[in-house]
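Read through the structure below, which is laid out as structure tokens, and then see the notes.
Derivation of every value follows stated rules applied to the coordinates shown; laboratory data play no part. Computed from a predicted model, the values in this text were never measured in an experiment. Ideal geometry is used to build each Cβ from the backbone, glycine not excepted, and the neighbour counts take in all protein chains shown.
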Amino acid sequence: MSIEDSKRDSAAPSGIWRIVAAREISVKLHDRNFLISTIVTTLLIVGSLVVSGFASNRTETLDVAVTGADATQIVTLANQLATAADEKVSFVAHTVPDLDAVTAQVRDESADVGLGPDTNGWKLYGKAAENENAATYLTAAAGQLAVQRNAAAAGTSVEQLSRGGAVDYDVLEPGAIDPGLAKIVTLVFAFVFYLASIMFGLAIAQSVVEEKQNRIVEILASAIPLRQLLIGKVVGNTVMALGQLVMFAAAGLIGLAATGKGGQVGQIGGAAGWFLVFFVVGFLALASMWAVAGALATRSEDLQATSTPLSMLIIIVLLGGLLITGTGRVIASYVPIISIVAMPARLAEGSATWWEPIVALAIMVIATYGIVVTAEKVYRRSLMQTQGRLTIRQALRVQD
């Protein structure tokens, strides 16, 4: 840094970055595309949860083409078993003359499944794949009816035959998070991270390169220390990213409440809270790197090349958060940036102890500080270079 820059830094108010941050926030709030995309995404989150909740609560009705004695009784018993299991499925039987008629109706989709007698008892027919509910409840009903008949023939009862075979299910950790819900939460964390990182990161990079290409930055540099300019851009966009993230989270809560699953919010609340913390700290590093990507470019056309490594990093975090499991996820939950998704995912599935997110966050803070310091140096040294696109190594060799 030159003597003149040092004097300007010392003379400038230390809080001038707030003005830059306020401007970044104001620009976003007046950006029609940003507002529309945020509203549409929020509505999609609520709508998808409502639709999925409606679909999960809707009873599936299966039309069963049956033939043979007792086939209708099996279907009736299958309905009773499904009702006892609180399964959202109903079987409706209609009788046909023979097995040929059963298979014909299944092939032309006049019936969802078919049921007819076989040498070993009964056989189910499906067109292209097995229907899980039909296989479960019609098979169980046929088996139960056979046991009843055999018990009567042997002069005993079903209860006597079943004595000692009862199985009770004891849930050891009733407050634990459902594995299916944990997977959904991890998917949401990864998607939101990717969306916010790309949307706000590209906005920072494009803003920097446009100011550089139009020589506006030369005017700004004469009045504002470049360090303050960078801080303002990073903080402003981080605030907007966090605000959007909170809005999406609120939409998710509304969607869960609308589907009658509000009780599950408490299960994921802790993991979601940690995700917000990790996201804010990690996004400070990412935003700094996006600003560097913009500063290294000379024209908008250069931005794709300078931002490619960062885009690849974000995709790695997205895929890592979704695909890594077991020991790999444990290790990833301590790796800066990747831990934004990996650690909250472990918290959602209940595999992380209380101290682990604290340690991972401390590592993230240290890494973020180092990234921001290095990014500030590269940003400041490359921002005023307009001769051509720079690499990070070239920017670090530029003298202040």
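A few comments on the model shown:
- Rg/Rh for region 217-361, where both radii come from Cα atoms and Rh is the Kirkwood radius: 1.05
- Label separation (residue 362 vs residue 187): 3.6 nm, computed from points 7 Å beyond Cα along the C-beta direction.
- Whole-number D in µm² s⁻¹ for region 59-158, Kirkwood Cα-pair radius fed into Stokes-Einstein, 20 °C, 1.002 mPa s: 156
- Lys pairs under 30 Å by Cα in the chain, provided they are eight or more residues apart or on distinct chains: 14
- Between helix 339-349 and the chain: long-axis angle, C-alpha atoms, 0 to 90°, nearest 10: 30
- A Gaussian network model of the chain, with springs between Cα atoms under 10 Å, assigns the largest mean-square fluctuation among 20, 51, 317 to 51.
- Relative contact order of the chain, pairs being alpha-carbon contacts under 8 Å that are 6 or more residues apart, as %: 20
- The chain pair-distance distribution - Cα-Cα, 10 Å bins, rounded %: 4, 17, 20, 17, 14, 10, 8, 6, 3, 1, 0
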